[in-house]
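Following: one structure in structure tokens, then a few remarks.
The values are calculated or read from the model by the stated rules, or taken from the named source; none is laboratory data. If you're wondering where the values come from, they're calculated on a predicted model, not measured in any experiment. Using ideal geometry, Cβ is built from the backbone for each residue, glycine included, and neighbour counts are taken over all protein chains shown.
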Amino acid sequence: MSDPKSVFLFGYSGHAYVIIESLLDAGFHIAGYFDLKETEFNPYNLPYLGFEKSVDVKSIVKDSLVFPAVGENNIRAKLIHFFEVLNLKQFVLIDPSANVSNTALISVSTYIGKKVSINAQSKIGKGSIINTNSVIEHECKIGDYVHIAPGSVLCGNVTVGNSSFIGANTVIKQNTSICSKVTIGAGSVVVKNINFEGVYFGNPVIRKEGNGSKE
């Protein structure tokens, strides 16, 4: 039987370094990484195991844990689908410095970063990232493959749809709903519902359209 604290990573750059340090702080052992090619910069001295589509991942991983160490939502979604097809063992990674309510529900392959606060009755879908110092207040609902960037504050009863990106230091007013596939620029303030896909920014946010914009 494999070590229950042994993890195989998928991806090894940028965001993966944050994942690695949270894993180590939480007492996990990193068995190696899969990626398109072997990285020249290997600060954690991890063994390269090949590109996941070119090797027999199941026979390598066996019953060990796997985790998607990629910041880009679409790539992370594809990796999780790959995990599901192979029936690989996924889990939730919560940095030891995070403060997570016992009543919060968090789905697999989601990362809760350093000094994050997640409060009562919040729900977070699979494959999402709640990054450093973010605050997810009571009864928020965050979909699958969402990235909440560092320092963002979601007040109570906020909903964020699947595959959305909330930029660093964004503030979202309570009882506000954001649909799927929305990007919010860093430092923005959201004070009303966003019902259409697109890129939004500013205080309060406006929607970017081509070279212009509208509310």
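Tally time: how many residues in region 186-201 are in contact (Cβ under 8 Å) with a residue 24 or more places away in the chain and among the acidic types (Asp, Glu)?
Residues that pass the stated criteria total 0.
Looking for whichever is of a type in the set (A, V, I, L, M) and in the same structural domain as HIS138 (by TED's automatic domain parsing) here; the options are ILE112, ILE30. Which one fits? I'd like the intermediate steps shown before the answer.
Numbers: ILE30 fails: in the same structural domain as HIS138 (by TED's automatic domain parsing).
Checking each option against the conditions leaves just ILE112.
Step by step: first the residues of region 10-35, then only those that are part of a loop (DSSP other than H, G, I, E, B) and not acidic (Asp, Glu), then the one that is farthest from the chain's Cα centre (by Cα). Which residue is that?
Residues of region 10-35 that are part of a loop (DSSP other than H, G, I, E, B), as a first pass: 11-14, 26-28, 35.
Of the ones still in play, those that are also not acidic (Asp, Glu) are 11-14, 26-28.
Details: GLY11: 13, TYR12: 15, SER13: 15, GLY14: 13, ALA26: 17, GLY27: 20, PHE28: 19 Å.
Residue satisfying both the conditions and the ranking: GLY27.
So if I check each of VAL18, VAL7, which one is aliphatic (A, V, I, L, M) and either modelled with pLDDT under 95 or in contact with a Leu (Cβ under 8 Å, 6 or more places away or on another chain) (or both)? I'd like the intermediate steps shown before the answer.
Details: VAL18 fails: either modelled with pLDDT under 95 or in contact with a Leu (Cβ under 8 Å, 6 or more places away or on another chain) (or both).
That would be VAL7, the only listed residue that is aliphatic (A, V, I, L, M) and either modelled with pLDDT under 95 or in contact with a Leu (Cβ under 8 Å, 6 or more places away or on another chain) (or both).
What tally of residues in region 39-95 results from selecting those that are part of a strand (DSSP E or B) and hydroxyl-bearing (Ser, Thr, Tyr)? Even if it seems obvious, please write down each step before you answer.
In the first step, residues of region 39-95 are kept if they are part of a strand (DSSP E or B); the result is 48, 65-68, 89, 93-94.
Next, only the ones that are hydroxyl-bearing (Ser, Thr, Tyr) stay: 48.
So the count comes out to 1.
Provide a single number: the residues in region 69-98 that are of a type in the set (Lys, Arg) and either buried (at least 19 other Cβ atoms within 10 Å of the Cβ) or free of Cβ contacts under 8 Å to residues at least 12 places away in the same chain (or both). Can you show your working first?
Step one: list which residues in region 69-98 are of a type in the set (Lys, Arg), which gives 76, 78, 89.
In the following step, the residues that additionally are either buried (at least 19 other Cβ atoms within 10 Å of the Cβ) or free of Cβ contacts under 8 Å to residues at least 12 places away in the same chain (or both) were identified as 76, 78.
Residues meeting the conditions: 2.
For region 6-57, enumerate the residues that are of a type outside the set (A, V, I, L, M), under 25 Å from ILE130 (Cα atoms) and in contact (Cβ under 8 Å) with a residue 40 or more places away in the chain.
SER6, PHE8, PHE10, GLY11, TYR12, GLY14, HIS15, SER22, ASP25
Are there strands (runs of 3 or more DSSP E) fully within region 99-215 with at least 1 residues that are at pLDDT 95 or above and in contact with a Lys or Arg (Cβ under 6 Å, 6 or more places away or on another chain)? List them.
Working: elements: 182-184, 198-201, 206-209, 212-214.
Once the strands (runs of 3 or more DSSP E) in region 99-215 are filtered for at least 1 residues that are at pLDDT 95 or above and in contact with a Lys or Arg (Cβ under 6 Å, 6 or more places away or on another chain), what remains is 198-201.
Suppose the filter is of a type outside the set (D, E, K, R), modelled with pLDDT under 95 and loosely packed, with under 15 Cβ neighbours inside 10 Å; does PRO43 pass it?
Values: of a type outside the set (D, E, K, R): yes; modelled with pLDDT under 95: no; loosely packed, with under 15 Cβ neighbours inside 10 Å: yes.
Against the criterion (of a type outside the set (D, E, K, R), modelled with pLDDT under 95 and loosely packed, with under 15 Cβ neighbours inside 10 Å), PRO43 does not qualify.
What tally of residues in region 142-163 results from selecting those that are farther than 17 Å from ILE118 by Cβ and crowded, with 24+ Cβ neighbours inside 10 Å? If you could, list the steps in order and put the result at the bottom.
Within region 142-163, the subset farther than 17 Å from ILE118 by Cβ is 145, 161-163.
Now restrict to residues that are crowded, with 24+ Cβ neighbours inside 10 Å: 145.
Qualifying residue count for the region: 1.
Considering region 143-183 alone, what residues qualify as being farther than 17 Å from ASN74 by Cβ and β-branched (Val, Ile, Thr)?
Passing the criteria: VAL153, VAL158, THR159, THR170, VAL171, ILE172, THR176, ILE178.
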